[in-house]
Amino acid sequence: MSSIAKNIEEIKKEIPAKVQLIAVSKTKPASAIEEAYECGQRIFGENKVQELCDKFEQLPKDIAWHMIGHLQSNKVKYMAGFVSLIHGVDSLSLLKEIDKQANKNKRIQDVLLQCFIATEETKFGLSEEELTDLLKSDDFKQLKSISVKGLMGMASFTSDETQIRKEFKSLKLLFDKVKSEFFSEDPSFKEISMGMSGDYKIAIEEGSTMVRIGSSIFGSR
Ligand SMILES: *Cc1c(COP(=O)(O)O)cnc(C)c1O
């Protein structure tokens with residue numbers, strides 16, 4: 001068995017069946033993705049649109065491609081025909097562009113709204129106030145070609161587990177609040193994308209439904 005296959009097997013033991021594993025393959029060659037594919041992995045995450053499109057072209061068509069990185073509006077069109085879930089949506093203007101491109105492709109685009117939960121200034125994402133303002137806005141209500149499936153967040157880059165847990169808890173709380181206020185009639189608003197190689201176990205304990213794992217599967221970048 002390849003080491004990639006072994007790594008996936010080990011990680012799967014740690015995550016409940018209801019939690020989806022996004023194998024983050026950014027910077028890794030198509031051959032590494034093929035190894036993961038051969039042991040049954042079908043969901044892969046990329047953070048650059050060009051790389052995502054190149055890999056989509058080269059690899060089997062039953063792969064579900066997730067865009068997990070920060071996204072510029074002018075790049076949305078390149079992946080709008082095939083991307084299965086966009087995790088990092090953090091503005092209304094980006095949502096509008098995704099809606100427009102999805103409509104052109106006659107698709108309903110699934111997205112997650114990225115929320116800022118970390119203490120670091122460098123992380124992207126909406127504040128609680130920005131998130132609720134967006135969801136309340138008429139502009140948002142007019143978007144017909146997007147479906148918001150949940151929230152995404154990244155914890156601070158720290159070894160302080162108490163801090164990481166606190167941040168994941170805050171995302172779960174925000175999810176519950178937004179769910180009851182805006183999506184109580186929509187059972188498909190159910191995803192919380194949180195947890196990476198270093199912190200996915202804590203994330204699952206705090207309610208994650210999707211973990212995005214790269215280096216623990218494919219090795220360091
Ligand atoms: C790279 C990346 C990951 C995976 O990180 P690892 O530490 O390699 O597991 C997860 N989420 C996002 C948004 C990333 O950019």
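Annotations for the structure displayed:
- Flag for Arg107 being out of contact with any Asp or Glu (no Cβ under 8 Å at 6 or more places or on another chain) and of a type outside the set (A, V, I, L, M): yes
- Applying the criterion of being more than 8 Å from the ligand (Cβ to nearest atom) and surrounded by fewer than 19 Cβ atoms within 10 Å (Cβ to Cβ) to the residues of segment 205-219, the residue that is farthest from the chain's Cα centre (by Cα) is Gly219.
- Checklist (1) part of a loop (DSSP other than H, G, I, E, B); (2) within 16 Å of the ligand (Cβ to nearest atom) applied to Lys18, failing item: (2)
- Count - residues of segment 40-56 that are within 12 Å of the ligand (Cβ to nearest atom) and under 13 Å from Gln72 (Cβ atoms): 2
- There is at least one residue in segment 93-102 that is within 16 Å of the ligand (Cβ to nearest atom), free of Cβ contacts under 8 Å to residues at least 40 places away in the same chain and within 23 Å of Ile192 (Cα to Cα).
- Lone unmet requirement of (1) out of contact with any Gly (no Cβ under 8 Å at 6 or more places or on another chain); (2) under 20 Å from Met194 (Cβ atoms); (3) surrounded by fewer than 20 Cβ atoms within 10 Å (Cβ to Cβ) for Val89: (3)
- When residues of segment 138-177 are limited to those that are farther than 22 Å from Lys96 by Cα and β-branched (Val, Ile, Thr), the one farthest from the chain's Cα centre (by Cα): Thr162
- All of Met1, Met79 fail the test of being within 30 Å of Lys104 (Cα to Cα) and touching a Cys at 6+ places or on another chain (Cβ under 9 Å), apart from Met79.
- Within segment 168-201, the residues that satisfy the criterion of being crowded, with 20+ Cβ neighbours inside 10 Å, among the hydrophobic types (A, V, I, L, M, F, W, C) and within 16 Å of the ligand (Cβ to nearest atom) are Phe168, Leu171, Ile192, Met194.
- Matching residues in segment 22-39 - criterion: being assigned to a loop (DSSP other than H, G, I, E, B) and away from the ligand (no atom under 13 Å from the Cβ): Pro29, Cys39
- Listed by first and then second residue, the pairs linking a residue in segment 43-68 that is in contact (Cβ under 8 Å) with a residue 60 or more places away in the chain to a residue that is buried (at least 18 other Cβ atoms within 10 Å of the Cβ) and basic (Lys, Arg), with Cβ atoms under 6 Å apart and 6 or more places separating them unless they lie on different chains, are Gly45/Arg212; Ile68/Arg212.
Only the coordinates and a few stated rules stand behind these numbers; no lab work does. Just so it is clear, the model here is predicted, and its values are computed rather than measured. Virtual Cβ from ideal backbone geometry, glycine too; neighbours counted across all protein chains shown.
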